[in-house]
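Every number in this text was worked out from the coordinates using simple rules, so none of it is lab data. Owing to the predicted nature of the structure, the values given are computational and were not obtained by experimental measurement.
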Amino acid sequence: MESTFIMIKPDGVQRGLIGEIISRFEKKGFYLKAMKFITVERSFAEKHYADLATKPFFGGLVEYIISGPVVAMVWEGKDVVATGRRIIGATRPWEALPGTIRGDYAVEVGRNVIHGSDAVESAHKEIALWFPEGVSEWKSQMHPWIYEV
Ligand code: UDP
Ligand code: MG
């Protein structure tokens, strides 16, 4: 089983999409392992997006992420990193297919509602950054109804 870091960005929180987004991951068959509702500081947002520090949109991206509270989560499941990205949809909402979160709820790349780790490696890094205290270990009683093993 794999884990991924998912964050509902400030626009997703303001627009009342928390329940809808959690619901999509939950109904798919992934397990929520950690969740917090927080407004992050500039230096923390810069650390989270450190790989993008040289991009022209970096300043605006950091302003966006610190503009209000976010919902930070860890979700676990089979192939949850790649599948989570497919649930989220393309970075640019105009390229995101209907049925994806960005395809259904976003218009602008700088207001694209949600973040998801792009690889297993970055998921490890992001989970360690956002949840240094660790996550909750639990097993859903539904497990055998969702997974073959
Ligand atoms: N972003 C932006 N302008 C761009 C590309 C990205 O504002 O031209 C923002 C957008 O919010 C995106 C985030 O920067 O979600 C991180 O970019 P990345 O390429 O990692 O996309 P993601 O992994 O979020 O799909
Ligand atoms: Mg990314």
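Compute the long axis of helix 18-28 from its Cα atoms, compare it with the longest principal axis of the Cα atoms of the chain, and write down the angle in degrees, 0 to 90, nearest 10. Taking Cα atoms only, the helix is inclined about 40 degrees. Under 20 Å between alpha carbons, and skipping anything fewer than 8 positions from K78 in its own chain: which lysines qualify? Answer for K78, where 20 Å is the Cα cut-off: K27, K28, K33, K125, K139, listed by chain and number. Return the single residue from E133, E20, E63 with maximal mean-square fluctuation; model: Gaussian network over the chain, springs between Cα atoms under 10 Å. For the chain, modelled as a Gaussian network with Cα springs under 10 Å, the answer is E133.
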